[in-house]
1. Can you give me the Kirkwood hydrodynamic radius for the chain, using every pair of distinct Cα atoms, in Å to one decimal?
2. Using a 7 Å offset from the Cα along the Cα-to-Cβ direction at both residue 39 and residue 19, what is the distance between the two label points in nm, to one decimal?
3. Name the most mobile residue of 71, 52, 24, meaning the one with the largest mean-square fluctuation, in a Gaussian network model of the chain with Cα contacts below 10 Å.
4. Return one whole number: the accessible area per residue of the chain in Å², for a 1.4 Å probe.
5. Which whole-number percent is the relative contact order of the chain (Cα, under 8 Å, 6+ apart)?
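The values are calculated or read from the model by the stated rules, or taken from the named source; none is laboratory data. This structure is a prediction, so every number in the text was calculated from the model and none was measured. When we count neighbours, we look across all protein chains shown, and the Cβ atoms used for this are built from the backbone with ideal geometry, even at glycine. Surface areas here come from the heavy atoms of the whole protein model, side chains and all, with no ligands, DNA or RNA. Shrake-Rupley method; radii C 1.70, N 1.55, O 1.52, S 1.80 Å.
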Amino acid sequence: WIFKSSSEAYAKGKTKAVSHGEILFIPSEGVVGFADHKFKEPFALTQKHGKLKNVFKEYKNLKYDDDKIILAHCNNLCIPKGSYTCASFVSFTMDEVSA
């Protein structure tokens, strides 16, 4: 899913129109995230999170690399590895294009 703002992604990501684990992409804000129907709050894969839940903030006391924090969170939510890999690629590509 591609959104104009993280506010729009947050609102739509909480509805049944977007399935659990689907990728939310907000290119204008540099945010990539996932719809989360387990905790009912979409979260960001990227450090930039806009209105999406900031998972890094929750895990800040753990001594994990950023990618391991998000992967652990995705595993806990049963988000498919393929979705995680795809979202990571989108995030990496976005960073390369904006650099």
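1. On the way: mean 1/r = 0.0758 Å⁻¹.
Evaluated on the chain, it is 13.2 Å.
2. With each label placed 7 Å out from Cα toward Cβ, I get 2.3 nm.
3. Comparing 71, 52, 24 in the GNM, the peak value goes to 71.
4. Value for the chain: 60 Å² per residue.
5. Working: 158 pairs, mean separation 22.8, N = 99.
Rounded, it is 23 percent for the chain.
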